[in-house]
Structure formats: C-alpha cells, structure tokens
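The values are calculated or read from the model by the stated rules, or taken from the named source; none is laboratory data. A quick note: this is a predicted structure, and the numbers were derived from the prediction, not measured. Ideal geometry is used to build each Cβ from the backbone, glycine not excepted, and the neighbour counts take in all protein chains shown.
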Amino acid sequence: MNIEQVSALRAIEALRAGVPNRDAVNALGSLQTAVDDRFAELLESLTNPGEKPVGGILLGGGFGVGKSHVLEALGHRALDAGFVVSKVVISKETALHDPASVFRAAIDAAQVPGRPGSAIDEIAAGLAAHSEESASLRRWVHSDENPVDRTFAATLFLFEQARGDAEFTDRILRFWAGHPLAVPELRRRLKEAGAGGTYRLKAGKERDLALQRFRFASRLMRATGHKGWVILLDEVELIGRYSLLQRARSYAEVARWVRGDREDAGTPIAAVLATVDDFEAAVLVGKNDLELVGKRLRAKGTAELDAQATRAEAGMRVIERDQIRLQAPDRAALDRTYTRLKALHTAAYAWDPPDVEGLERLPSNRMRQYVRAWINEWDLSRLDPLYEPETVVATVPTDFTEEIELETGAEPDDADSAEA
C-alpha cells in the first residue's frame, strides 16, 4: 500500500470508531469556524501575552456533535504553530478538581513539536545555559515576586550544576513532571554546590505544587524555544457525577482554566475545555448547584471555603454565559463531508463506492451519526453489493448520577505533601 492509502485507512478506522486522529482531521477539517476564529485569537494572546491572563475557551455540544474531533483539530493546529500540546480526558483517575492529577496527565500526554520522546526530557534537553530565554527563566524563578515555591529555583540551579550526574538530573526532571523529591536531599545537594544558605525549602501542599508546576513547566517550554503550552480538556461533563463538594472544586477549576491564572497572569498556558451542552440544565439547574454550592460552602463559616464558594460561582457563570456551542452541520457542510468521505473510502479500499442514503437529514441528528452511517453502508456494500443496509439511530443520554466510585479520598487542600 502507498502512503495515501495507509493514511486513508487510518482515517476511516478512526472515524468508524468515533476516535478522530490526525488523518481524519486532515481529511474533514473542523467545520466550526467560530471556534477556529476564537482559537486563533487565543494562540495570538499566548504568543504575545499582555497584563491579563490568557485563559481559555469552553466548548459545548451534544454526544456525537464532534467535540473530540474539534479538539483534535485544534491540537494539531497548535502543534504546527510551535506550541506544546496536551490532551487530557477527565476521568476517575484524572479528576478536574485535583490539579495534581491533571498536571501529571497533561505532562505525560504532552506532545513537543517535531520531537516524539518524553516531553519533559525533550524540553529540558533544549535548555541552553547561555541563551537569553534560559536567562529569562532563571530571573523569573529566582524573583521574590514570582508565585512559585523556592524549590523550583533550587532545582533549576542544581539541574544546571549537575548535568554530569544523570541519575540526579533525572530525579529533578521527574519532580518537574509531578513526582516527589525529598527536601533533605535537596538541602544536601545545595550545600555541596556551595548554595546551602541560598534557598529556604519546605514541604508544600500537593495542590499548591501542582499549580506552581503548571507555571514553571510552561515557562520552561517557552525558555526552550516553544511558544507556550496548549492544554485540551475533554469530557469535562464528568464533574456532574461528583459529590457536591467535588463539583464545587471542579467549578473553581473551570473558572481558573477559562479565565486564566489570576495569581500569575504571565503563565504561557491556554486551555480548551469541552463538555455537553445540556450540562447547565441537567446539573446547574437540575441539581440546583447554582443555589446550593455557594450556600453549602459558606455554611462552614471559614474564610477558605468562602473564597472557594466565590471561585465555584465564577466557574458556574462561565458554564452559563461563556460556553461556545458547537454548531450542527447544515446541508452544505453535510454535502462537503459526504464528498470527502466517499473519496476517502475510495482511496482506502481502491474501489468505486456507490452513493448511499445514510440517515435522513434532520436537525436532531449529529455529525458522528451521519459519518458512521455512510461508512457502515459503504463497508457493507463493499462486502455484499446486493445487500441493502438500514441504519437505526439510538440516543445515548448523558448520565449525571452521582457516583461514589469517583470519590478520590483525601481532599487535595487538606493533604500536605511530603515532597519538596
């Protein structure tokens, strides 16, 4: 098979499974011009940051409307433009209300433009000791005004001092990637390097360190020649199945991702979040979160939970007011997609597929349903030209029932980390 046929096969397999890849995105595009335009503005803001945080955008759409396809398209666009890109699917293991788990998932999934290896290794390898970008990172991390723990300044200093010690530099890289690093070892290493009294180190909360890792890692990316970090968060609607307290924490995270890091406006991170478009009706209104979340937190009578209630309310307002809803395909978009898919099936299987009926074109149908119907009918016709397939569509409702298995044990804010 030639390259064109392999690419077409990969695209068809991805579209058949409903999991878009680069080949599928290249073949079909995103078909969401409003989102494309807003994302272009986001990348421009990330390239030329101002005094306000860059923040992100929240996409809303029903099951099968193409949210994952759009995220994939945006991710490839950002990679091609020189940004590091991570796609994170919210799940039991990667809870939106837990920045530490989101950071680890984001750094593990990070793709560096043109470099296939581990992102943190590839990025750190490009840290040139005498470049202006590296000097800028050093100045920032050693500044008293920057919102990160002194551990990041200490580890950057030790990383540059200990380049010949592969084992220790690897432990520093793992710390930057979200793993623990013991304070006593750092103190000993600093003393050996003649900087024993320079850095005051202490153990910090895991949540705080995670937020600081986002700030540091994104600047590390910028210092090594990349334009910034784009993080794509899919299936955000899972937060509707959390307990009320965890939903509150998640709403606060939605506000932070979309409105930006208010404690560090210069963080070179942009985010795109995707959720279902009926989340507001089913959870904010259906579970009465708009009224209950703030009231329940403020009833505890602590300043910390009062502040968290305010952040959670900001996140709910983002979901209510700032969501960009993906547009259903019109007739012209369906015609273009059908023509492209037919050509793709031709290239993949070296045959002349007949015209197929697919689904009746109704406003309630989703793009994924049309695509699957066309591909399935061509697949069946290729195997048996006399067979007349009939496609049946079933609606898959989103389940927002609270699920105890999604509880993650100790709350992030209550658990002190034993790491540096």
Hits in region 1-36 (condition: farther than 15 Å from residue 73 by Cβ, assigned to a helix (DSSP H, G or I) and of a type outside the set (S, T, N, Q)) = 3, 4, 6, 8, 9, 10, 12, 13, 16, 17
Those residues of region 45-59 which are over 17 Å from residue 253 (Cα atoms) and of a type in the set (Gly, Ala, Ser), in sequence order = 45, 50
Considering each residue of region 81-133, count those that are under 16 Å from residue 270 (Cβ atoms) and among the polar types (S, T, N, Q), and give that number.
-> 2
Do we find that residue 74 is surrounded by 18 or more Cβ atoms within 10 Å (Cβ to Cβ), under 30 Å from residue 309 (Cβ atoms), assigned by TED's automatic domain parsing to the domain that holds residue 268 and of a type in the set (A, V, I, L, M, F, W, C) in this structure?
-> no
Which numbered condition trips up residue 151, out of (1) under 30 Å from residue 32 (Cα atoms); (2) in contact with a helix residue (DSSP H, G or I) (Cβ under 8 Å, 6 or more places away or on another chain)?
-> (1)
Going through region 235-247 in order, the residues found to be acidic (Asp, Glu) and crowded, with 21+ Cβ neighbours inside 10 Å are 237
Subset of region 11-31 (residues that are touching a Leu at 6+ places or on another chain (Cβ under 8 Å) and farther than 17 Å from residue 369 by Cα) | 27
Out of curiosity, is residue 352 modelled with pLDDT of 95 or more, exposed (fewer than 15 other Cβ atoms within 10 Å of the Cβ) and either under 30 Å from the mean Cα position of the chain (by Cα) or over 30 Å from residue 279 (Cβ atoms) (or both)?
-> yes
In region 97-196, which helices (runs of 4 or more DSSP H) lie fully inside it and hold 2 or more residues that are closer than 27 Å to residue 87 by Cβ and in the same structural domain as residue 87 (by TED's automatic domain parsing)?
-> 99-109
Do the conditions hold for residue 336, that is, is it under 31 Å from the mean Cα position of the chain (by Cα), surrounded by fewer than 16 Cβ atoms within 10 Å (Cβ to Cβ) and either among the basic types (Lys, Arg) or modelled with pLDDT of 95 or more (or both)?
-> yes
Looking only at region 355-375, which residues are under 30 Å from the mean Cα position of the chain (by Cα) and assigned to a loop (DSSP other than H, G, I, E, B)?
-> 363, 364, 365, 366
Residue under evaluation residue 92, criteria (1) surrounded by fewer than 16 Cβ atoms within 10 Å (Cβ to Cβ); (2) touching a strand residue (DSSP E or B) at 6+ places or on another chain (Cβ under 7 Å), criterion not met | (2)
Can you tell me which residue in region 37-56 is surrounded by the most Cβ atoms within 10 Å (Cβ to Cβ), limited to those that are in a helix (DSSP H, G or I) and without any contact (Cβ under 8 Å) to a residue 24 or more places away in the chain?
-> 40
Please identify the pairs in which a residue from region 160-172 that is free of Cβ contacts under 8 Å to residues at least 40 places away in the same chain and closer than 16 Å to residue 195 by Cβ has its Cβ atom under 7 Å from the Cβ atom of a residue that is part of a helix (DSSP H, G or I) and aromatic (Phe, Trp, Tyr), counting only partners at least 6 apart or on another chain.
-> 162/168; 172/159
Applying the selection to region 216-238, what residues are within 22 Å of residue 83 (Cβ to Cβ) and out of contact with any strand residue (DSSP E or B) (no Cβ under 8 Å at 6 or more places or on another chain)?
-> 216, 219, 220, 222, 223, 224, 225, 227
Which condition does residue 215 not pass, out of (1) touching a Phe, Trp or Tyr at 6+ places or on another chain (Cβ under 6 Å); (2) crowded, with 22+ Cβ neighbours inside 10 Å; (3) not assigned by TED's automatic domain parsing to the domain that holds residue 277, if it passes all the others?
-> (1)
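Each row is one residue, and each column tells you yes or no for (1) in contact with a Gly (Cβ under 9 Å, 6 or more places away or on another chain); (2) under 13 Å from residue 240 (Cβ atoms); (3) in contact (Cβ under 8 Å) with a residue 40 or more places away in the chain.
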site	(1), (2), (3)
254	yes, yes, yes
267	yes, no, yes
278	yes, yes, yes
285	no, yes, no
290	no, no, no
295	no, no, no
308	no, no, yes
